[in-house]
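Below is one structure, written out as structure tokens, with a few remarks after it.
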Amino acid sequence: MDDTRRSFLKIAGLSMLGFGAKPVVDAVAGAGGPKFEKDPKAFNGKRWAMVVDQQKCLKAKDGCKDCVLACNSAHNIPSFNNPKDEIKWIWQTSFEHAFPGQENPYINDYIKTSLKGLPFLVLCNHCDNPPCVRVCPVQATFRRPDGIVAMDYHRCIGCRFCMAACPYGARNLNWSDPRPFIKKENPEYPTRTRGVVEKCNFCSELLAVGKLPACVEACKEKALVFGDLEDPNSEVRELLRTRPTIQRKPQLGTRPQIYYIL
Amino acid sequence: MLEKALRGNKSYFAWIGFLLILVGMGFGFYLRQLGFGLGVTGMSRDVSWGLYIGQFTFLVGVAASAVMLVLPYYLHNYKVFGKITILGEFLAVAAVTMCLSFIVVDLGRPDRAFNVLLYPTPNSVLFWDMVVLNGYLFLNIFVGWTVLEAEAKSVPPPKWIKPFIYLSIPWAVSIHTVTAFLYAGLPGRGFWLSAIMAPRFLGSAFAAGPALLILICLFLRKYTKFDAGWEAIQSLAKIVTYAMILSVFFVLCELFTVFYSQIPEHMYHFLYLFVGLHGHTGMMPWMWASTILAAIALIVLINPKTRNSPGTLAIGCAAVFFSLWIEKGITLVITGYIPSPLETITEYHPTLTEIGIVVGVWALGFLIMSVLYKVALTVKTESA
Ligand code: SF4
Ligand code: SF4
């Protein structure tokens, strides 16, 4: 809502209803936008996406997990040490699990020899057409204008419909109170309560203060490239232009926004 | 009228007392779950819905089956069902109450359940499921009670109730269709991604619900003064027979598509279900038990001789009920998660707490049903 319109409403409200109406008018006028100011350093992407370059991952030290560890500590991910309750936003898995249905003996051989059998990174794809958002009965998971599929931990009712709907296994429920299982708490990001769902948020809290996602920042080989697809000069666009990439399960129509270079 | 539930013989009160104990026990287990979180169940990151949602799905079918009495009686004026239509409606009330309870015990944050009303979301099937289930609960309580009250006063039911009765017919179909759509619209779950899901749900519902009703009628005939009438029971038996045939047929259609097309994402689930996958066979015994029970049911019910005798009819109906209870209450939900979207296998084993809660909710349903039936049958035997 622009300023002239806002002040018109205020004047109209005041003249019609007297001063008693001021709080009402404020509430109505305030609904047009946030009441806080954006950090001037914030990144303003129109369509965030990520490219995972397995070739670069090749150069990393043996058993490198820097990206995963960075995410875990940035987001207060608890470590339950059992697969049943496990919470993971970004993790490593083999090709046949990351890309089921696409494996064949020759590509498996290629991955073993040419890619040293290194695991693939998987995380929420921040789908352009996200089924998790479609099914949520309370809009606790929603798609932001910049393409990030976000969670409202304070609204989620823990029905787990989104976990059934996500074709990438990207979502987690807090099966019990996660707080005792957080190794070292990061005060910059909220901890969650039991009974709510969570997943990768593309580090929206860092983007808001002009920082890159924690995993991207942590990778010494620069194997993770993050950027704006709507910006033709961005690094992600450059990579997508020059290198062949694949996505996970593109046939499902979810339009996943994590691209992989094999 | 409710005071009629407060008078009864010793065995009635013993039964009510027994159910109350089970409800109390279930509630105790639920308090444990509330205190700790859903981690007390056997559900996991990979198998994130389990027994609760399974029972919910099965019971929606039982609830919907009331339409198999309401439709012939009110739409086709099939008088034979006059005595038992109310039993169907009250069974629906008990079943929907159980459904809603199972949803609530399944929520990670039950304290926020009302968010569904605060932020209505028409694109979510779960939102619609909540709308149709609550509507159906209301319709059945309202219709059942009004008609019964008229009967108690020996007057015909008021005319204005008719639209509600007619409305309850498509509504019954809607609850089970919407419940099927919870599953049938998810892109990454090959086991559920099938257009026949809703018809299959309806087929099994119209078999399992009336089968339970027959068992109840046979029981009441034997141990109380209430006789539903053999003709009514026989008509119900035919409904169960046809519905069971359809239900099995729909499953066979599913099997054909999956195994003839041989698309792995669809096939793996069925393999896991029937023969096991990579050595994991958790659902196999259940599925075969369900299959064998279905075969027994069909043999007993299709043969007119066995269908016509109370003893064998009871066996047939019990076989139908348990076969479908396994199919929808256990295997349908859990197998959808095995293998996972990443094609890993995590099996599911419900915990004692979880089973205790399930038993408690069932007991609550039986309690509601017993009380409502007590009222209805007292009215019926008094006015007869
Ligand atoms: S990957 Fe899963 S959780 Fe992430 S947006 Fe897509 S459907 Fe939603
Ligand atoms: S678990 Fe939470 S985020 Fe997921 S569908 Fe339910 S309410 Fe929405």
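The values are calculated or read from the model by the stated rules, or taken from the named source; none is laboratory data. What you are looking at is a predicted structure, and each value in this text was computed from that prediction instead of being measured. Cβ placement follows ideal geometry from the backbone for every residue including glycine, while neighbour counts extend to all protein chains displayed. Only protein heavy atoms, including side chains, enter the accessible area calculation; ligands, DNA and RNA are left aside. Shrake-Rupley method; radii C 1.70, N 1.55, O 1.52, S 1.80 Å.
Residue by residue, here is whether (1) open to solvent by less than 70 Å² (accessible area, probe 1.4 Å); (2) at pLDDT below 60 holds:
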site: A:Met1; (1), (2): no, yes
site: A:Ala12; (1), (2): yes, yes
site: A:Glu37; (1), (2): no, no
site: A:Lys46; (1), (2): no, no
site: A:Ala49; (1), (2): yes, no
site: A:Lys59; (1), (2): no, no
site: A:Lys84; (1), (2): yes, no
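The helices (runs of 4 or more DSSP H) found wholly in the range B:251-346 and carrying at least 1 residues that are farther than 30 Å from A:Gly101 by Cβ occupy B:284-302, B:304-307, B:310-326.
Of the residues A:Phe95, A:Phe43, which single one is within 27 Å of A:Leu229 (Cβ to Cβ), in contact (Cβ under 8 Å) with a residue 24 or more places away in the chain and outside the structural domain of A:Leu252 (by TED's automatic domain parsing)? Sole residue among the options that is within 27 Å of A:Leu229 (Cβ to Cβ), in contact (Cβ under 8 Å) with a residue 24 or more places away in the chain and outside the structural domain of A:Leu252 (by TED's automatic domain parsing): A:Phe43. The condition (being within 16 Å of B:Ala232 (Cβ to Cβ), in contact with an Asp or Glu (Cβ under 6 Å, 6 or more places away or on another chain) and either within 14 Å of another protein chain (Cβ to nearest Cβ) or away from ligand 1 (no atom under 16 Å from the Cβ) (or both)) is satisfied by just one residue among B:Val80, B:Val70: B:Val80. Residues in the range A:140-157 that are closer than 20 Å to B:Phe114 by Cα and either more than 7 Å from chain B (Cβ to nearest Cβ) or crowded, with 23+ Cβ neighbours inside 10 Å (or both): A:Ala140, A:Thr141, A:Phe142, A:Met151, A:Asp152, A:Tyr153, A:His154, A:Cys156, A:Ile157.
Restricted to helices (runs of 4 or more DSSP H) entirely inside the range B:64-163, those with at least 2 residues that are in contact (Cβ under 8 Å) with a residue 24 or more places away in the chain are B:67-70, B:85-106, B:125-152. Restricting attention to the range A:158-177 and to residues that are touching a Lys or Arg at 6+ places or on another chain (Cβ under 9 Å) and not in a loop (DSSP other than H, G, I, E, B), the residue that is farthest from the other protein chains (Cβ to nearest Cβ) turns out to be A:Cys162. Can you tell me which residues in the range A:154-175 are more than 8 Å from ligand 2 (Cβ to nearest atom), within 30 Å of A:Asp231 (Cβ to Cβ) and of a type outside the set (Gly, Ala, Ser)? The answer is A:Cys166, A:Pro167, A:Tyr168. Once the range B:1-57 is narrowed to residues that are more than 15 Å from B:Val105 (Cβ to Cβ) and of a type in the set (Lys, Arg), the residue that is most open to solvent (accessible area, probe 1.4 Å) is B:Lys10.
Within the range A:212-231, how many residues are of a type in the set (Lys, Arg) and buried (at least 16 other Cβ atoms within 10 Å of the Cβ)? Total meeting the criteria: 0. Checking the range A:182-197 against the condition returns a match, with at least one residue being touching a Lys or Arg at 6+ places or on another chain (Cβ under 9 Å), charged (D, E, K, R), within 14 Å of chain B (Cβ to nearest Cβ) and at negative phi.
A:Asp128 fulfils the conditions (1) within 10 Å of chain B (Cβ to nearest Cβ); (2) open to solvent by 20 Å² or more (accessible area, probe 1.4 Å); (3) within 15 Å of ligand 1 (Cβ to nearest atom) except for a single criterion, (1).
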